[in-house]
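What follows is a single structure, and I will ask about it in a moment.
The values are calculated or read from the model by the stated rules, or taken from the named source; none is laboratory data. Everything numeric here is computed off the predicted structure, so don't read it as measured data. Please note: Cβ atoms are built from the backbone with ideal geometry, for glycine as well, and neighbour counts cover all protein chains shown. Only protein heavy atoms, including side chains, enter the accessible area calculation; ligands, DNA and RNA are left aside. Shrake-Rupley method; radii C 1.70, N 1.55, O 1.52, S 1.80 Å.
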Amino acid sequence: MTTQKEISRRRTFAIVSHPDAGKTTLTEKLLLYGGALHLAGSVTARKKERATVSDWMELERKRGISVSSTVLNFDYGGYHVNLLDTPGHNDFSEDTYRVLTAVDSVIMVIDGGKGIENQTRKLFEVCRRRNTPVFTFVNKMDRPALGTLELLDEIERVLKIGAYPMNLPLGSGGDFRGILDRKTGQAHFYERTPGGTFRAPVATHGGLSDPVVKDALSPTVYAALCEEMEMVEHAGVSFSPDDVLAGRTTPVFFGSAANNFGVQLLLDGFLGYSPPPVARANAAGGTIPVTAAPAADSADIDNANTADNNLIDPNFETFSGFVFKIQANMDPRHRDRMAFVRIVSGKFTRGMTATLARTGKAIRLANSSNVFGRERTTVDEAYAGDVIGVMGTDSFRIGDTLSGAPGIVYDEIPSFPPECFAYIHNPSPANYKRFREGLTQLVQEGLVKLYDIPSGHQKISLLGAVGPLQFDLVQYRLESEYNAASRLEQTDWTIVKRIQTKDGAPADEKGLHIPMGAKMALDKDDCQVLLFPGDWHMNFFIEHNKEVTLAD
Ligand code: G4P
């Protein structure tokens, strides 16, 4: 298959949801369709599989939340699907945001009984900012759900996006009988399949006017359905694939992930309307010399040797990508670090040399893996849209660009200012080396930010994070992966800002009016920062120190 064809069949997406809405269950069912999992169909087997595929960190099992992302991929219906798993908990949102920079579309799972929940709203906002196309799966229709029109209205009102129901549920809870596919006009009858057997059998029948459909529904459900149909046909948004691609309309599918019902319609609809790998902005601008040897099948690539300097097309023949995640110690038996690279353009071949844009250094990408939960397989070739795990170098940082030609820099990874701060102490001086090594690696992963506060001849380490649960995770991982105990001491600071002077030289601390409660520290680049308990202290500082400015 040509490079262009390989790229065009890639679909790279993430599933987002409020915890408990059914993200894990839906992931498992999608994997079944791709033949990537073979489950016995019992809850126990499911839990066992879940432990080995998604929840590979002990902490995840202990807390019952997903804290680490994995990349899952499978082939289905001619497509090559890359599903990036995102952490589910509120506190790990920074990691989730990073994963969302690496996808081209998103499936948003909503609990039909609860509607749009807090975390869903926040994640949706990230998608909106990036104009990422969002597909919606309203899950748990086998449980009592909010009314169909109410749910659609809530999506439109709260998320401010057009909601186009691809199918309509035939009742919910005890009355749930299936869904009506609007495209084919056919009803798919629901059959309860505890544990979710593979490809749950569905009988399809004629549409609303079919007596089989009418007889299957209670008169109340049937009357409601007729009314809903009337409403969505006449008052609802019309369907436009362009609106979906632009993130203006979300196609909505109903179903029950646990019962593997409605999942195939979701998958087929998603693959049909979601985008192949999309072009990414080149923050460097300028000219890109095409120095790399043309790909063997470049004749098939319409725009080979061309690159709009501000936008890198996936079919641009030169390999390029960016690091969106770094994970240390994925295999507890080895001290390793894996950098996850989203390929933006061209083709990756194992052993190829790429330039790390930040340092200008050439790096041979010899150790490349496909990571499927705990499983790893060597990747010899990969294409734009794919994610590869690269090991064997400590040079990578989150956000780094790798490319086969100079002049490409991606600036895709947002940085969120920490809002919680805690001192971290090493209670056992004999363990200092392990403690420091662990802390350095976890900071490189982007789990937390590290600041040094000068104190006499010593420096005290301060951690900064978006949410406090990240501190627990640091402690847990220091202990389990580096055998280093630690002690945390919470602080009252909630804001950190860099100090900028007019000439770029460090500010003289003695010359600054720093309010009581605020503190100066150094960040990882040895730049001066100020920590404030709140806005009042920060505004006081700004008011009384006109010769310097504060920046994020
Ligand atoms: P999450 O990843 O979004 O946090 O949600 P997860 O899939 O873990 O699902 C949360 C709970 O909701 C699970 O129940 C799961 O079985 C249940 N669930 C998922 N989809 C459906 C559905 O379509 N219908 C119903 N009725 N329940 C659903 P649990 O009791 O926490 O776990 P388990 O013992 O069932 O595994």
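For Leu265, only one of the following conditions fails: (1) of a type outside the set (S, T, N, Q); (2) open to solvent by 30 Å² or more (accessible area, probe 1.4 Å); (3) modelled with pLDDT of 90 or more; (4) more than 20 Å from Lys23 (Cα to Cα). What is its number?
Answer for Leu265: the failing condition is (4).
Continuing with the same structure: Which condition from (1) at pLDDT 90 or above; (2) surrounded by 19 or more Cβ atoms within 10 Å (Cβ to Cβ); (3) away from the ligand (no atom under 16 Å from the Cβ) is the one that Pro241 breaks?
(2)
Residue check, Pro133 against (1) surrounded by fewer than 24 Cβ atoms within 10 Å (Cβ to Cβ); (2) within 24 Å of the chain's Cα centre (by Cα), all met but one. Which one?
Among (1) surrounded by fewer than 24 Cβ atoms within 10 Å (Cβ to Cβ); (2) within 24 Å of the chain's Cα centre (by Cα), Pro133 violates only (1).
Is it the case, given these coordinates, that Pro418 is in contact with a Gly (Cβ under 6 Å, 6 or more places away or on another chain) and of a type outside the set (Phe, Trp, Tyr)?
yes
Please determine, by comparing only the residues of the stretch 141-158 that are hydrophobic (A, V, I, L, M, F, W, C) and more than 16 Å from the ligand (Cβ to nearest atom), which one is farthest from Gly113 (Cα to Cα).
By that ranking, first place goes to Val158.
Another one. Considering each residue of the stretch 520-541, count those that are open to solvent by 80 Å² or more (accessible area, probe 1.4 Å) and modelled with pLDDT of 95 or more, and give that number.
Of the residues in that region, 3 qualify.
Scanning the stretch 402-457 for residues that are open to solvent by less than 40 Å² (accessible area, probe 1.4 Å), part of a helix (DSSP H, G or I) and among the hydrophobic types (A, V, I, L, M, F, W, C), which turns out nearest to Lys497 (Cα to Cα)?
Val443
Restricting to the stretch 491-506, and then to whatever is among the aliphatic types (A, V, I, L, M) and under 14 Å from Met538 (Cα atoms), can you tell me which residue is surrounded by the most Cβ atoms within 10 Å (Cβ to Cβ)?
Val496
Quick check on the stretch 313-324. Is at least one of its residues among the aliphatic types (A, V, I, L, M), open to solvent by less than 10 Å² (accessible area, probe 1.4 Å) and at pLDDT 90 or above?
The answer is yes; a qualifying residue exists.
Look at Ser172 and say whether it is within 15 Å of the ligand (Cβ to nearest atom), small (Gly, Ala, Ser) and either farther than 25 Å from Pro219 by Cα or open to solvent by 10 Å² or more (accessible area, probe 1.4 Å) (or both).
In short, yes.
Might you let me know whether the stretch 95-108 holds any residue that is open to solvent by 10 Å² or more (accessible area, probe 1.4 Å) and within 15 Å of the ligand (Cβ to nearest atom)?
no
Restricted to the stretch 8-21, and to residues that are under 16 Å from the mean Cα position of the chain (by Cα) and within 9 Å of the ligand (Cβ to nearest atom), which residue is nearest to Val109 (Cα to Cα)?
That would be Ser17.
Going through the stretch 512-531 one residue at a time, which ones are touching a residue at least 60 places away in the same chain (Cβ under 8 Å) and either small (Gly, Ala, Ser) or not in a strand (DSSP E or B) (or both)?
Passing the criteria: Ala521, Asp523, Lys524.
Given the conditions (1) buried (at least 23 other Cβ atoms within 10 Å of the Cβ); (2) more than 19 Å from Gly385 (Cβ to Cβ); (3) in contact with a helix residue (DSSP H, G or I) (Cβ under 8 Å, 6 or more places away or on another chain); (4) at pLDDT below 95, and given that Asn259 satisfies all but one, which numbered condition is not satisfied?
For Asn259, the exception is condition (3).
Only residues that are in a strand (DSSP E or B) and open to solvent by 10 Å² or more (accessible area, probe 1.4 Å): list them for the stretch 75-87, please.
Selection gives Asp75, Tyr76, Tyr79, His80.
Another one. Against the condition part of a strand (DSSP E or B) and farther than 30 Å from Pro276 by Cα, how does Ile388 come out, does it pass?
Against the criterion (part of a strand (DSSP E or B) and farther than 30 Å from Pro276 by Cα), Ile388 does not qualify.
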